[in-house]
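Enquirer: One structure follows; several queries about it will come next.
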Amino acid sequence: MSRAFNFSAGPAALPEPVLRQVQEEMLEWKGERASVMEVSHRGQAFIDCAAEADHDLRELMAVPDDYAVLFMQGGATTLAALLPMNLAGPEQSADYILTGHWGEKALENAKPLLQTHVAASARDSGYKSIPLRDQWQLTPGAAFVHYTPNETIHGVEFFDIPDVGNVPLVADFSSNLLSRPVDVSRFGVIYGGAQKNLGPSGLVIVIVRKDLLGKHGRNLPPIFELQNQVKNDSMFNTPATFSWYVVGLVLKWLKAQGGTSAMEQQNRAKAELLYSKIDKSGGFYVNSVDRVCRSRMNVPFMLPSADLDKPFLKEAEAAGLLGLKGHRALGGMRASIYNAMPLAGVQALTDFMDDFARRNG
Ligand SMILES: Cc1ncc(COP(=O)(O)O)c(C=O)c1O
């Protein structure tokens, strides 16, 4: 076995006990004499498996009863378009807060569907900080405010939930879902792709306050009408059964670890270790994000010269540290340290960084 510590931004590392269970159950699942991928989503075994994942997610996030939880296909990007369609009519407006690449993408997907307004943006300063709340120019009567609590590429994370009054807050939690406790009742919608903190790609989790749906006045194709997924327990059409099953196992693993509070403690410790290594490297490694909003999930950092990027990545791989190449938009490195990354993985990374800096500084 040569499994390495995997710092990929997504699809990302999964907990090893989960992978082992998947391996064990691959040929025969739950006495079905077939794998989970080969049985009907309408059969009792899968319905029970789906309901258990729903129950565990609700418990882990303390989801109030007036919210629906959906396990849908299409990834977060599809939801960035489906949500505006479902939350407002074409004449209504929505505010977007931009703190990085994914907020911009969400905005682009909403533009054809309703009146969009950028209420705050850190674009001009290279997405290194969060615009101060009192400088946001929110539109009175907007249908919703959209923001990205963790920007996966720029490494910028909100640690407080912004106060936007009575306007529903819509949040793309793709890269920090379940990494710490979150008060769901403060949101209109929480959504996030599974492939970072929760499981394989192919699934997007949506937690939506039910009273917000069905008021858009649009004539939508039934498959785009989120209420149809709510009414059919996310089985209006065939769901991504294998991904749903694996997410269910990850949720059980999370519960066994102590839930989101335990995850927060561990994620804090991992991030502190890595940022302090960067900050104490005498300028060899640089992360230029404002300290108050440095992401605990995705840590971008630069080396003193781009010429060192290739040797760094090659030697890191040889040392069993994978997926460290930064996003092409920023260059440099990025370490994604989601829930499934143990502290030992970050320790191995910082030991390697020390050694590399000593030899190349
Ligand atoms: C914050 C955020 N939003 C959206 C996406 C896009 O997700 P998907 O590829 O599932 O559509 C990503 C993927 O990396 C992301 O990190």
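The values are calculated or read from the model by the stated rules, or taken from the named source; none is laboratory data. From a predicted model like this one, the values you see are computed outputs, not experimental measurements. Cβ placement follows ideal geometry from the backbone for every residue including glycine, while neighbour counts extend to all protein chains displayed. For the accessible areas, the whole protein counts, side chains as well, though only heavy atoms, and no ligand, DNA or RNA atoms are used. Shrake-Rupley method; radii C 1.70, N 1.55, O 1.52, S 1.80 Å.
Enquirer: State all residues of segment 146-167 that are more than 10 Å from the ligand (Cβ to nearest atom) and either open to solvent by less than 20 Å² (accessible area, probe 1.4 Å) or part of a strand (DSSP E or B) (or both); if no residue qualifies, say none.
Expert: Those that are more than 10 Å from the ligand (Cβ to nearest atom) and either open to solvent by less than 20 Å² (accessible area, probe 1.4 Å) or part of a strand (DSSP E or B) (or both): HIS146, TYR147, GLY155, VAL156, GLU157, PHE158, PRO162, VAL164.
Enquirer: Now, a different point. Only one residue in VAL22, VAL63, VAL69, VAL36 is touching a residue at least 60 places away in the same chain (Cβ under 8 Å) and in contact with a Cys (Cβ under 8 Å, 6 or more places away or on another chain), so which one is that?
Expert: Going through VAL22, VAL63, VAL69, VAL36 in turn, just one is touching a residue at least 60 places away in the same chain (Cβ under 8 Å) and in contact with a Cys (Cβ under 8 Å, 6 or more places away or on another chain): VAL36.
Enquirer: So, in segment 262-285, of the ones that are of a type in the set (A, V, I, L, M, F, W, C) and touching a helix residue (DSSP H, G or I) at 6+ places or on another chain (Cβ under 7 Å), which residue ends up surrounded by the fewest Cβ atoms within 10 Å (Cβ to Cβ)?
Expert: Only one residue tops the list, namely ALA269.
Enquirer: Please go through segment 168-205 and give me each residue that is among the polar types (S, T, N, Q), within 10 Å of the chain's Cα centre (by Cα) and either more than 9 Å from the ligand (Cβ to nearest atom) or modelled with pLDDT under 95 (or both), ordered by number.
Expert: SER179, ASN197
Enquirer: Which residues, counting only those in segment 40-99, are within 14 Å of the ligand (Cβ to nearest atom) and assigned to a strand (DSSP E or B)?
Expert: Hits for segment 40-99 are PHE71, MET72, TYR96, ILE97, LEU98.
Enquirer: Kindly indicate which of ASN219, ASN176 is assigned by TED's automatic domain parsing to the domain that holds ASP65 and exposed (fewer than 15 other Cβ atoms within 10 Å of the Cβ).
Expert: The unique qualifying residue is ASN219.
Enquirer: Same structure, new question: Among SER288, SER295, SER336, SER305, which is the only one that is under 21 Å from GLU157 (Cβ atoms) and open to solvent by 10 Å² or more (accessible area, probe 1.4 Å)?
Expert: SER288
Enquirer: Continuing with the same structure: So, of the residues in segment 100-119 that are in a strand (DSSP E or B) and closer than 15 Å to VAL170 by Cα, which turns out to be farthest from the ligand (Cβ to nearest atom)?
Expert: So, considering only residues that are in a strand (DSSP E or B) and closer than 15 Å to VAL170 by Cα, the one farthest from the ligand (Cβ to nearest atom) is HIS117.
Enquirer: Now, a different point. Looking at (1) modelled with pLDDT of 95 or more; (2) more than 18 Å from the chain's Cα centre (by Cα), which is the one condition that is false for ALA329?
Expert: (1)
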